[in-house]
Amino acid sequence: MTSNRPYLIRALFEWITDNGMTPHLIVDAEADDVMVPRGYVDDGRIVLNIAPSAVHGLVLGNDKIHFSARFGGVAQPVELPPHAVLGLYARENGQGMLFPDDGPQSDRDVSDDDGDNGSGGPDGSDDGGNKPARPSLRIVR
């Protein structure tokens, strides 16, 4: 399946703007294919105000997010892939979401070619220590 991050970014953007708040992206400025004004990067990250009144031509696409914004009074283009977005939140109250690291594809995302359904050893018995970790949720404030 494709990444759900672009869909979550669009949904959170809509939710924040529908509630009259100001959406901000937290971006990994060191990720591949990120084009942001380097003078505004702090500790490898940049926070971008993407409110409709602050940007021009905002496109929250599946493969690329791009828009034009003013930095120090000068309009500059911004382009980044959705996987570079670390979080999206409302400036006024901090509500939003931080995204997990999309490191290398995990074992549970890879299908087996040998027909093993992941229910244990070849005979269907549980082999003990080879279970995938259970998903967990955490509260982000």
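The values are calculated or read from the model by the stated rules, or taken from the named source; none is laboratory data. None of the values given here were measured: they were computed from a predicted structure. When we count neighbours, we look across all protein chains shown, and the Cβ atoms used for this are built from the backbone with ideal geometry, even at glycine.
If Ala84 meets every condition in (1) small (Gly, Ala, Ser); (2) surrounded by 11 or more Cβ atoms within 10 Å (Cβ to Cβ); (3) at pLDDT below 95 apart from one, which number is that one?
Of the numbered conditions (1) small (Gly, Ala, Ser); (2) surrounded by 11 or more Cβ atoms within 10 Å (Cβ to Cβ); (3) at pLDDT below 95, the odd one out for Ala84 is (3).
Identify the residue in the range 80-93 that is in a strand (DSSP E or B) and among the aliphatic types (A, V, I, L, M) and, among all such residues, is farthest from the chain's Cα centre (by Cα). I'd like the intermediate steps shown before the answer.
First, the residues of the range 80-93 that are in a strand (DSSP E or B): 80, 85-90.
Okay, now just the ones that are also among the aliphatic types (A, V, I, L, M), so 80, 85-86, 88, 90.
Numbers: Leu80: 11, Val85: 4, Leu86: 5, Leu88: 8, Ala90: 15 Å.
Once the filter is applied, the top-ranked residue is Ala90.
Which of the residues that make up the range 87-127 are of a type in the set (Asp, Glu), modelled with pLDDT of 50 or more and surrounded by fewer than 10 Cβ atoms within 10 Å (Cβ to Cβ)?
Once the filter is applied, which keeps residues that are of a type in the set (Asp, Glu), modelled with pLDDT of 50 or more and surrounded by fewer than 10 Cβ atoms within 10 Å (Cβ to Cβ), the range 87-127 yields only Asp101.
Within the range 49-63, count every residue that is surrounded by 14 or more Cβ atoms within 10 Å (Cβ to Cβ) and not in a strand (DSSP E or B).
Number of matching residues: 4.
Under 9 Å between Cβ atoms, which residue pairs at least 6 apart in sequence (or on different chains) link something in the range 1-24 that is in a loop (DSSP other than H, G, I, E, B) with a partner that is surrounded by 14 or more Cβ atoms within 10 Å (Cβ to Cβ) and of a type in the set (Gly, Ala, Ser)?
Every condition considered, the pairs that remain are Asn19/Ala90; Met21/Ala51; Met21/Ala90; Thr22/Ala51; Thr22/Ala54; Thr22/Ala90.
Scan (1) assigned to a strand (DSSP E or B); (2) farther than 18 Å from Val140 by Cβ; (3) in contact (Cβ under 8 Å) with a residue 60 or more places away in the chain for the single condition Pro77 breaks and write down its number.
If we test Pro77 against (1) assigned to a strand (DSSP E or B); (2) farther than 18 Å from Val140 by Cβ; (3) in contact (Cβ under 8 Å) with a residue 60 or more places away in the chain, just (3) comes out false.
Take Asn62 and decide whether it is of a type in the set (S, T, N, Q), at pLDDT 50 or above, within 23 Å of Asp28 (Cβ to Cβ) and in contact with a helix residue (DSSP H, G or I) (Cβ under 9 Å, 6 or more places away or on another chain).
Working: of a type in the set (S, T, N, Q): yes; at pLDDT 50 or above: yes; within 23 Å of Asp28 (Cβ to Cβ): yes; in contact with a helix residue (DSSP H, G or I) (Cβ under 9 Å, 6 or more places away or on another chain): yes.
Spelling it out, Asn62 is indeed of a type in the set (S, T, N, Q), at pLDDT 50 or above, within 23 Å of Asp28 (Cβ to Cβ) and in contact with a helix residue (DSSP H, G or I) (Cβ under 9 Å, 6 or more places away or on another chain).
Return yes or no: is Ser68 more than 21 Å from Val140 (Cβ to Cβ) and either of a type in the set (Lys, Arg) or part of a loop (DSSP other than H, G, I, E, B) (or both)?
Values: more than 21 Å from Val140 (Cβ to Cβ): yes; either of a type in the set (Lys, Arg) or part of a loop (DSSP other than H, G, I, E, B) (or both): no.
It is false that Ser68 is more than 21 Å from Val140 (Cβ to Cβ) and either of a type in the set (Lys, Arg) or part of a loop (DSSP other than H, G, I, E, B) (or both).
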